[in-house]
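Take a look at the structure below.
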């Protein structure tokens with residue numbers, strides 16, 4: 001994504017927030033937010049094209065963006081920045097705290113952050129202040145705490161494990177997770193669980209050992225804080241409204257607003273209880289029925305982000321996204337020869353148990369010195385793999401390597417060594433802080449190496465631990481498309497790399513992808529479901545993903 005797009009979108013989003021704070025019209029606020037989202041996701045660099053070509057950008061917003069591109073801001077944004085202190089903006093993120101109260105707290109008490117508000121309440125500095133009774137202060141204190149908790153997002157692997165633990169602990173006729181977890185977002189703030197169950201399920205839920213605190217308890221909804229600090233909301237819904245409830249609580253909010261508006265135009269009402277015409281239930285039991293009644297294709301949950309899916313579904317043009325069962329193999333895995341913990345034999349057996357048509361072992365190459373790899377070790381592994389192949393006639397075993405992309409873009413072994421590998425994944429494992437231009441050249445050089453088949457975990461990010469590297473991804477993806485180099489969607493949940501926005505950009509440039517587990521242990525093979533979620537969020541089909549292809553087509557791509 002072009003940096004100009006990111007910066008312009010961020011400025012427009014900031015303007016939308018400030019406009020809302022100063023009492024701006026809600027419809028206009030939403031139009032600014034939608035335009036910001038469209039600009040951020042637009043595949044072309046808006047500094048090099050007419051921003052009016054971006055869907056949702058009208059003349060007024062276009063003029064603001066043109067001014068932003070010229071001088072880094074625009075007049076209306078400057079005006080609102082001057083009218084709304086940053087401290088006030090921080091305060092309004094506290095649940096139930098409105099702009100008027102925020103301004104009063106800032107101007108009269110110097111409170112300029114949620115943390116400062118929490119400290120002032122605890123110290124009694126706001127006791128007796130007009131309009132801030134004991135109950136209001138208690139709610140604000142709880143809001144500050146909730147805000148702190150909601151800021152603690154976890155990656156999808158942590159959230160999924162907890163959701164599955166919760167669901168397994170409940171006695172219910174039907175139970176499922178919803179929310180951003182069902183949409184397969186990379187990080188999750190809290191977890192939404194829906195259940196068809198008797199009211200007694202709530203008591204059982206509250207008594208579970210993973211519950212550290214009961215935030216709110218009721219017959220229809222109970223919220224708890226778990227021992228890991230993550231909030232879980234359990235809702236009991238009627239069996240007849242299951243589909244409507246799943247649709248409503250899955251979100252995203254923007255997607256739901258869009259389809260509710262469609263229902264209203266038909267004279268109908270859509271809620272968590274169903275799609276209604278007056279008192280008549282049109283659809284409620286299944287999500288498929290709801291979308292069908294609205295004249296749409298069913299929209300898979302990961303695609304529900306108000307990114308054009310509603311329009312496409314109405315036209316019958318929504319693509320069939322890649323599914324987990326479409327994957328025929330895994331092209332990036334490790335064994336105990338380097339930093340894996342399972343033997344070659346055990347990893348191959350586990351891959352066979354998953355029903356794969358092919359499976360690649362790609363242990364690290366020697367430039368990652370800590371792994372103590374040598375060419376002799378790699379050749380010995382190749383011989384072992386050849387012997388193992390005799391025991392697995394229905395699964396093609398591929399001998400690969402994960403190369404290290406040096407700062408100059410070169411990789412570990414020379415051409416005569418690389419030529420003998422079935423598949424070469426090349427990844428950045430060091431020098432993460434290189435300047436943007438140098439990092440871009442580094443990736444392009446790797447793509448131009450005729451023996452590099454896949455760029456592994458391209459941004460190198462570790463969620464919550466390491467920021468992505470800085471590169472001109474448009475340039476990198478153009479090079480990958482030109483050289484026939486696939487980009488990896490590394491399914492390891494603390495990587496989730498490439499993220500969906502960059503997958504969309506790469507696909508726009510014609511890049512192909514490999515959804516890999518980057519397994520270092522047998523259980524890691526199951527991580528591919530997270531990579532598939534990323535691919536679905538980016539609208540990838542089987543034609544985009546090389547490890548959904550039959551062996552012959554895959555081999556032709558790897559060694560043309």
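In the chain, the DSSP-assigned H stretches of four residues or longer account for a calculated mean residue ellipticity at 222 nm of -13000 deg cm²/dmol, using -39500 (n - 2.57) per stretch and the full residue count as denominator.
Placing a pseudo-label 7 Å from each Cα along the Cα-to-Cβ vector at residue 214 and residue 415 gives an inter-label distance of 7.1 nm. Each principal axis of the Cα atoms in the chain has its own extent, and those three values, largest first, are 79, 60, 53 angstrom. By how many degrees, between 0 and 90 and to the nearest 10, does the Cα long axis of helix 114-123 differ from the longest principal axis of the chain? Tilt relative to the chain: about 50 degrees. For segment 256-315, the relative contact order comes to 21 percent (Cα pairs under 8 Å, sequence separation of at least 6). At q = 0.13, 0.30 Å⁻¹ the log10 of I(q)/I(0) for segment 256-315 amounts to -0.30, -1.46, computed by Debye summation with a single uniform scatterer per C-alpha, solvent ignored. Here the extension length gained between residue 543 and residue 253 equals 101.4 nm, from 0.36 nm per residue of separation less the Cα-Cα distance.
If you take the Cα atoms of segment 324-558, find Rg, then find the Kirkwood Rh from the mean of 1/r over all pairs, what is Rg/Rh? With Rh from the inverse mean 1/r over Cα pairs, Rg/Rh is 0.93.
The angle between the Cα long axis of helix 528-537 and the longest principal axis of the Cα atoms of the chain comes to about 60 degrees, rounded to the nearest 10. Can you work out the base-10 log of I(q)/I(0) for segment 154-236 at q = 0.11, 0.21, 0.22 1/Å, using the Debye formula on its C-alpha atoms alone? Log10 I(q)/I(0), no solvent term: -0.24, -0.90, -0.99. Only Cα pairs under 8 Å and 6+ residues apart enter the sum, and on that basis the relative contact order of the chain stands at 10 percent.
If you line up the long axis of helix 3-21 against the longest principal axis of the chain, both from Cα atoms, how many degrees apart are they, to the nearest 10? Helix 3-21 sits roughly 20 degrees off the main axis of the chain. Taking a point 7 Å from the Cα of residue 206 along the Cα-to-Cβ direction, the residues of segment 223-237 with backbone N closer than 16 Å to it are 223-226, 232-236. Modelled label positions at residue 431 and residue 526, each set 7 Å beyond Cα in the direction of Cβ, lie 4.0 nm from each other. Arranged from fewest to most other beta-carbon atoms within 10 Å of their beta carbon, 265, 377 become 265, 377. Dividing the alpha-carbon radius of gyration of segment 3-83 by the rule-of-thumb value 2.2 N^0.38 Å gives 0.99. Label-to-label distance for residue 265 and residue 357 is 4.2 nm, based on points extended 7 Å past Cα in the beta-carbon direction.
All of the numbers you see were taken from the coordinates with simple rules; none came from a lab. The structure presented is a predicted model; accordingly, all values stated were derived computationally and were not measured. Every residue, glycine among them, receives a Cβ derived from its backbone with ideal geometry; neighbour counts consider all protein chains shown.
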